[in-house]
Amino acid sequence: MLEAPPIERVQSFVASNIVAGNPQFVAEENGRIVGWCDVTPGSAAVGMAHVGRLGMGVLTGYRGRKVGRRLINATVEKARMLGLEKIELGVFSSNEPAIALYRSLGFQEEGRKKRGRFVDGIYDDVILMALELKRPNPIPDPTPGSGPPPPRREAGYP
Ligand SMILES: CC(C)(COP(=O)(O)OP(=O)(O)OC[C@H]1O[C@@H](n2cnc3c(N)ncnc32)[C@H](O)[C@@H]1OP(=O)(O)O)[C@@H](O)C(=O)NCCC(=O)NCCS
């Protein structure tokens, strides 16, 4: 982000995560929040409640001290406990620390929005990454004639 979101929007986001019981952890020092990580599940109305979107950040002076790793470990673990099947995120291709952290946890690149951001004359790709928490069935290959028909799925399965 180039500027902080309005405090009211942050308060409302944090409160809604608490009410919903979403995975959300903060790092605190002397009453000051110095890092955060949250996973917001998608909407059941569009069949995306099995996937959560991750956001995180650590204040500049606190980076490189394993705060981010502890935050994301706790948040991913809670997402797993709650039954989320997948965690997604978008990260700028120039953000090497974040990409290294996500890769070390098993996040894989699923796509890339080329030149998705333009700031101060510099383009950045947006890398779409995801961590599979649960892979109950192999995803069938949609290519015609590419093997046996996919196994029957139970009613209601996404
Ligand atoms: C990405 C971020 C959350 C990492 O938090 P952090 O507390 O600094 O990270 P940690 O100290 O826990 O390090 C965890 C891993 O991140 C990677 N990492 C951290 N700093 C790094 C750096 N300067 N260069 C390369 N990799 C780095 C390493 O893989 C590290 O693993 P290690 O245990 O082998 O050292 C933090 O840099 C940050 O807030 N960045 C700005 C906001 C942001 O990018 N948020 C994510 C948006 S998608």
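The values are calculated or read from the model by the stated rules, or taken from the named source; none is laboratory data. Note that this is a predicted model, so its numbers are computed, not measured. Don't worry about glycine lacking a Cβ; one is built from the backbone with ideal geometry, like all the others, and counts go over all protein chains shown. When the accessible area is computed, the model is the full protein with side chains, heavy atoms only, and any ligands, DNA or RNA have been set aside. Shrake-Rupley method; radii C 1.70, N 1.55, O 1.52, S 1.80 Å.
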Exercise. Inside region 45-97, can you point out the residues that are touching a Lys or Arg at 6+ places or on another chain (Cβ under 7 Å) and more than 30 Å from Arg115 (Cβ to Cβ)?
Worked result: His50, Glu85
Problem set entry | Residue in region 5-21 that is closer than 25 Å to Val119 by Cα, free of Cβ contacts under 8 Å to residues at least 40 places away in the same chain, open to solvent by less than 50 Å² (accessible area, probe 1.4 Å) and polar (S, T, N, Q) present | no
Problem set entry | Residue check, Asp125 modelled with pLDDT under 95 and of a type in the set (D, E, K, R) | no
Seminar exercise, completed: Given the conditions (1) hydrophobic (A, V, I, L, M, F, W, C); (2) closer than 26 Å to Arg117 by Cβ; (3) surrounded by 15 or more Cβ atoms within 10 Å (Cβ to Cβ), every one holds for Phe25 apart from (2)
